[in-house]
Amino acid sequence: MDERHDELHSSVHATHAVVGSELTFGSVTDKISAIVLKRKTPISWFIGFAVSFALFQLMMLAITKLLFVGIGMWGVNVPVAWGMDILNFVWWIGIGHAGTLISAILLLLRQKWRTSINRFAEAMTLFAVAQAGMYPIMHLGRPWLAYWLFPYPSTMQVWPQVKSALPWDAAAVSTYGTVSLLFWYLGLLPDLAAIRDSAPELWRRRVYGIFALGWRGDERTWLHYRRAYLLLAGLATPLVLSVHSIVSSDFAIGLTPGWHSLIFPPYFVAGAIFSGFAMVLTLLIPARKVFSLEKMVTLRHLDNCAKLLLTTGLMVSYGYLIEYFLAWYSSDATERYQFFVARPSGPNAIFWYFMLLGNVLVPHLFWFERVRRNLWALFVLSLVINLGMWSERFVIIVLSLQREFMVSQWGDYSPTWVDLSILGGTMCFFSLLFLLFLRFLPFMAASELKELRREIEHVPQLAREPREREGDVHG
Amino acid sequence: MAELLLEFDRPEDLARAARELRRKGYAELEAYTPYSTEEVREALPERRSWVPYLVLGGGLSGAGGAYFLQWYLVAYLYPLNAGGRPPHMPLAFVPITFEMGILGAAFAAFFGVLWAGRLVRPWHPVFEADGFDSASVDKFWLAVPADDEPGREALQSTVQSLGALRSVYVPSAVRR
């Protein structure tokens, strides 16, 4: 077995468009499972893990304090009763959406280039939803009563009020998390089986064997698997659009100036996908470097992500434009004040400028191919976009609540150390989960890559891309 | 009761062998492959997946159940006047109905595959074959039923010309 693998390994040379053309079937598994099985863990992994773990502990401390004292530990108070908690919830859930877009929508559109990044993006979705899910539960104030959200047969005979947007949210987010997990795990099964079968030690074979659920790859299973996978993709597509639409209705149903707008659902969905693609780049660029995956994640993938950032960024800009137009057109004094005075010049207005910088100006840099194919530029700009989208949610939530209808209602908001620790802590919890995923699971869909590899043999156009561009992959 | 497992290097080799065997009257073939290919699918006896019907059923029961539950809770058991909305308000029930429909369908798809593929079964007779590890990595295996001894000789001579990398007998799986 080792000889064969070595022989195949030596044939890995060239870099092509959607997958390196000389990757053989064995070497795809070899390369991906080697990261799990053989490769020494890079020192940067341990450093990342240690930092993440330390800050994760800070979050646990902050949450403990929050549970003992109450949500007064946050900077929220009337009138700004929704602060960083809800804002981080919306931000995280939005980040997850690009993962579903890559794995489901691009699958349905038969975009072959998604194959080497879909698993990665699905994991990002799953871990982002896990972060998002914590916030509303903390926001309940008495999180130990979170089960009240569900219609359980209570002796009090009081049931959830399903005509409110908040139970919709609970249904949408829990469905989204569950479906993302099922989709991800179903995709993992053949690859877990491949790791089970190439692991040298018995204990690893046992561990991966348990999680592979006895996958044998018989044609009968493949038949049902293919149908089910496609159907799950078809189900996840309307789901992802519905989730952020429902999240936006948490706001749009309220009368607060700046919230009560019909543009919210599509504009939230576009923003979610926009921020998610930024996060894909933020995670993919370092992982590609650390695990030297230049042959599987080629510049074409990054280029396509940047193009999608440009597209969704333009949609977000259009959303802003319509929002401003409607505020002006409504002739409502509070709406006009909110959009034209409070946001550019009120308290915390700096986030409005960050929002414009990250979401309106920066995407236009992706018109240039030189930017789209420059790793450093992409990485830095993706961080700026993440900040921009976080600021957008800050603007929508905090800036709107600061300036409601009556002057006597006006207030200010600033986060406390608990707010900031929980935000930083969820970022670290996210990277903790992600690092574990990179280390212990096949983070590329090996079976799909093999299938793609085979299709390339039969359909050479898939592999075609001008040679000169590939020079900078290695550079 | 046994099966003969044949290992092939490429899916087209397996497909050629499968067609040859079917011509000779071996109808119940099964392939074990690292990924799904059209050649292999076309060479094996035609099958249809019933998972889509299960998914439809899961989706409809999820959505129907959710709608009924919402009506039962807020229109029947505990009608509450929230903002003057009528107790039974179909529009407000749409989001949860939709989400639960998706959830039911997704559960049906996932557990349907596990059921259809007879998974969650960490051991299976085919795993006893020497070198079967490659079936999930880069080789393509064909399983031919080899029931009785006289048939086995005929099978052996048929198999000689198929160009398999190796051939192994394993006890056949418990009937599926």
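Derivation of every value follows stated rules applied to the coordinates shown; laboratory data play no part. If you're wondering where the values come from, they're calculated on a predicted model, not measured in any experiment. Here the Cβ is made from the backbone with ideal geometry for all residues, glycine too, and neighbour counts use every protein chain on show.
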Checklist outcome for this item: Sequence order, the stretch A:148-160: Karplus ³J(HN,Hα) from phi using 6.51 cos²θ - 1.76 cosθ + 1.60, θ = phi - 60°, Hz rounded, Gly and Pro as x, gives 5, 5, 9, x, 9, x, 8, 5, 6, 6, 9, 10, x
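I need the helices of chain B that pass two filters: whole DSSP H segments spanning 24 Å or more by Cα along the axis, and mean Kyte-Doolittle score no lower than 0.0.
Numbers: long enough: B:51-70 (28 Å, 0.96); B:90-116 (37 Å, 1.70).
Sorted by number, the helices that extend far enough and score high enough are B:51-70, B:90-116.
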Next on the checklist: Report the Rg/Rh value for the protein assembly as shown, based on alpha-carbon coordinates and the Kirkwood definition of Rh.
Outcome noted: 1.02
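When Cβ neighbours within 10 Å are restricted to other protein chains, what is their mean count per residue of peptide B:62-73?
2
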Next on the checklist: I need two numbers for the stretch B:51-116: Rg to one decimal and Dmax as a whole number, Cα atoms only, in Å.
Outcome noted: 14.6, 49
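Above 12 angstrom, tally the Cα pairs of the stretch A:26-87 and express them as a % of all pairs, no decimals.
Working: 1471 of 1891 pairs.
Roughly 78 percent, once rounded to a whole number.
Given 0.36 nm per residue, what is the gain on full extension from B:Arg152 to B:Lys24 after removing their alpha carbon distance, in nm? Don't jump to the answer; show the numbers that get you there.
On the way: separation 128, 0.36 × 128 = 46.08 nm, distance 1.34 nm.
This chain segment gains 44.7 nm when fully extended.
By how many nm would the segment from A:Glu457 to A:Thr64 lengthen if fully extended, with 0.36 nm per residue of separation less the alpha-carbon distance?
Values: separation 393, 0.36 × 393 = 141.48 nm, distance 5.65 nm.
Extra length available between A:Glu457 and A:Thr64 comes to 135.8 nm.
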Checklist outcome for this item: Computed over chain A: longest principal axis from alpha-carbon atoms vs helix A:219-252 long axis, angle to nearest 10 degrees, is 20 degrees
Next on the checklist: What do you get for the angle between helix A:202-211 and the principal long axis of chain A? Use alpha-carbon atoms, 0 to 90 degrees, nearest ten.
Outcome noted: 50 degrees
Item to check | Residues listed by number, the stretch A:163-185, amide nitrogen under 17 Å from A:Ala81 label point at 7 Å toward C-beta | outcome: A:164-167
Item to check | Gain upon complete extension [B:Glu38, B:Val120; 0.36 nm per residue less C-alpha separation] | outcome: 26.9 nm
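As a test of the formula, what do you get for chain A when each DSSP H run with n ≥ 4 contributes -39,500 (n - 2.57) and the sum is divided by the residue count, at 222 nm and rounded to the nearest 500 deg cm²/dmol?
Details: 17 runs with 305 residues, N = 475.
Result for chain A, helices only: -21500 deg cm²/dmol.
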Item to check | Residues of the stretch A:429-443 with amide N under 15 Å of the 7 Å Cα→Cβ point at B:Phe127 | outcome: none
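I'd like the mean, over residues of A:208-214, of how many other protein chain beta carbons sit within 10 Å of each residue's own Cβ.
Working: counts 0, 3, 2, 1, 4, 7, 10.
Mean partner-chain Cβ count within 10 Å for A:208-214: 4.
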Next on the checklist: Need the list of lysines near B:Lys24 for cross-linking: C-alpha distance under 25 angstrom, and skip anything on the same chain fewer than eight residues off.
Outcome noted: B:Lys139
Checklist entry - Under a point spin-label approximation (7 Å from Cα along Cα-to-Cβ), what is the A:Trp367-A:Lys40 distance to one decimal in nm? => result 4.9 nm
Checklist outcome for this item: The helix A:118-139 Cα axis meets the longest alpha-carbon principal axis of chain A at an angle in degrees, between 0 and 90 and rounded to 10, of 30 degrees
Next on the checklist: Students often check this: by mean Cβ neighbours within 10 Å, which of A:199-206, A:414-421, A:356-363 ranks highest, and how do the rest follow?
Outcome noted: A:356-363, A:414-421, A:199-206
Checklist entry - Computed FRET efficiency, Cβ-Cβ of A:Tyr353 and A:Phe211, R0 45 Å: what is it to the nearest 0.05? => result 0.40
Next on the checklist: Looking at chain B, I'd like the Rg to Rh ratio, where Rg is from alpha-carbon atoms and Rh is Kirkwood's inverse mean 1/r.
Outcome noted: 1.27
Item to check | Distance histogram for the stretch A:63-131 (every C-alpha pair counted, 10 angstrom bins, percent rounded to whole numbers) | outcome: 20, 32, 22, 16, 10, 0
Checklist entry - Per 5 Å bin, what is the whole-percent P(r) computed from every C-alpha pair distance within the stretch A:88-178? => result 3, 13, 19, 19, 15, 11, 9, 6, 4, 1, 1
